[in-house]
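The values are calculated or read from the model by the stated rules, or taken from the named source; none is laboratory data. The structure presented is a predicted model; accordingly, all values stated were derived computationally and were not measured. Glycine also receives a Cβ, built like all others from the backbone with ideal geometry; neighbour counts cover every protein chain displayed.
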Amino acid sequence: MGDATVTQPEGLEAALPPPVAAETGPGVLRRLRTPRRPRFWFEILLIAVSYWTYSLVRNAVPEQKAEALRNADWIWKAEHQLGIAVEESVNHAVNSVTWLIIGMNYYYATLHFVVTLGVLVWLYRRHPGRYAATRLVLFATTAVALAGYYLYPLAPPRLMNGGDFIDTVMVHQTWGSMASGDLKNMSNQYAAMPSMHIGWSVWCGLTIFALASVPWVRVLGLLYPALTLVVIVATANHFWLDAVGGMLCLAFGFAVARLWYGRLPYALPERVPGREPAGSRSWVPGRRPGRKPVGPRSRVSPGQERPVARDRV
């Protein structure tokens, strides 16, 4: 009989999974930062709970009317000094065209939600690899806005003392608006700074412009926040500086996503695999996805045992 064959332990050790402790350190953080395919029902639940929490916190902020009116007076004086206090003129000019101002009232009350949800659905279906990072921008923007509502209560122009602004919703009896009328008690009327109509609309516009492939759709993406800016001023719901506050919040949201994923959301891969087989490589921040080079199969000499690779759990 020939000599007994001794199996080399190196091959088996290489095939064994790493210790559990190795996966509980930086590997966990890397997995959390790796884009993955969103799950439909989880996203529906997350968005619903997040908006409910946002509304609850926003409306739970005490309506500090006296301070909000003082802040509005300060903003109005500051805009006069900057030479940009034209909100009142815009408000009166647009209000003189009944069909136009009524359309803007409904625009303000509805498109803020409809377009934002529409962009989220589009991202989910067409850009799943970028969905989570772009959604993080929106959530971080909204979260920091809540701090603004608490720290800096601000009355909208239509509620200023001694102002000549027209509350267009009240005058034209626009149905369904939370800004005035019978529904005004359900919403904090002194949370004008920052403007999330601008924060969310610019988020929508930048996302559409960066990711859409049809030129005219990209143009519409840029026009949407510009038109929203006109609407919030014409309806006397915000000052120009409220829009600046909304854009600063959005910049914070992009910074959070950039720090978490290592790059801007629009630079991430368009698609990611759903559930990958064990041992396959997925995208990690800072590295482009690619195939692992495949070399020639190593032959096992007669009598030598072939190491058996084990799937990781």
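Six or more apart or on different chains, Cβ atoms under 7 Å: show the pairs whose first residue is in the stretch 73-84 and touching a residue at least 60 places away in the same chain (Cβ under 8 Å) and assigned to a helix (DSSP H, G or I) and whose second is exposed (fewer than 15 other Cβ atoms within 10 Å of the Cβ) and of a type in the set (S, T, Y).
Pairs found: none.
Quick one: in the stretch 119-164, which of the residues that are of a type in the set (G, A, S), touching a residue at least 24 places away in the same chain (Cβ under 8 Å) and outside any helix (DSSP H, G or I) is farthest from F40 (Cα to Cα)?
Restricting to residues being of a type in the set (G, A, S), touching a residue at least 24 places away in the same chain (Cβ under 8 Å) and outside any helix (DSSP H, G or I), the top hit is G163.
How many residues does the stretch 108-136 hold that are among the aliphatic types (A, V, I, L, M) and closer than 23 Å to W240 by Cβ?
Step one: of the stretch 108-136, the residues among the aliphatic types (A, V, I, L, M) are 109, 111, 114-115, 117, 119-121, 123, 132-133, 136.
Subset that is closer than 23 Å to W240 by Cβ: 109, 111, 115.
Matching residues across the stretch 108-136 total 3.
Here's a check for you: in the stretch 141-163, which residue that is farther than 20 Å from V231 by Cβ and over 25 Å from the mean Cα position of the chain (by Cα) is surrounded by the fewest Cβ atoms within 10 Å (Cβ to Cβ)?
Start the filter on the stretch 141-163 by keeping residues that are farther than 20 Å from V231 by Cβ, which leaves 143-144, 146-153, 161-162.
From what's left, over 25 Å from the mean Cα position of the chain (by Cα): 161-162.
Working: N161: 9, G162: 7.
That would be G162.
Within the stretch 220-238, take every residue that is surrounded by 15 or more Cβ atoms within 10 Å (Cβ to Cβ) and among the β-branched types (V, I, T) and give me the one that is farthest from A72 (Cα to Cα).
T228
Of all residues being among the hydrophobic types (A, V, I, L, M, F, W, C) and surrounded by 18 or more Cβ atoms within 10 Å (Cβ to Cβ) in the stretch 121-135, which is farthest from V256 (Cα to Cα)? Just the residue, please.
Taking the stretch 121-135 and keeping what is among the hydrophobic types (A, V, I, L, M, F, W, C), we get 121-123, 132-133.
The next check asks that each one be surrounded by 18 or more Cβ atoms within 10 Å (Cβ to Cβ); those that pass are 123, 132-133.
Numbers: L123: 19, A132: 12, A133: 9 Å.
Going through the qualifying residues, I end up with L123.
Report, by residue number, each residue of the stretch 205-254 that is over 21 Å from F113 (Cβ atoms), assigned to a helix (DSSP H, G or I) and touching a residue at least 60 places away in the same chain (Cβ under 8 Å). Steps first, answer last, please.
As a first pass, look at the stretch 205-254 and keep what is over 21 Å from F113 (Cβ atoms): 210, 213-216, 218-219, 239-241, 244, 248, 251-252, 254.
Still in the running and assigned to a helix (DSSP H, G or I): 210, 215-216, 218-219, 240-241, 244, 248, 251-252, 254.
Result: W240, L241, F252, F254.
So in the stretch 165-174, with the set limited to residues that are assigned to a loop (DSSP other than H, G, I, E, B) and out of contact with any Pro (no Cβ under 8 Å at 6 or more places or on another chain), which one is modelled with the lowest pLDDT? So that I can check it myself, show each step before the final result.
First, the residues of the stretch 165-174 that are assigned to a loop (DSSP other than H, G, I, E, B): 165-167, 173-174.
Remaining after also requiring out of contact with any Pro (no Cβ under 8 Å at 6 or more places or on another chain): 166-167, 173-174.
Values: I166: 93, D167: 91, Q173: 77, T174: 74.
This residue is T174.
Consider I75 carefully, then state whether it is under 26 Å from L223 (Cβ atoms) and either β-branched (V, I, T) or modelled with pLDDT of 95 or more (or both). Can you show your working first?
Working: under 26 Å from L223 (Cβ atoms): no; either β-branched (V, I, T) or modelled with pLDDT of 95 or more (or both): yes.
In short, no.
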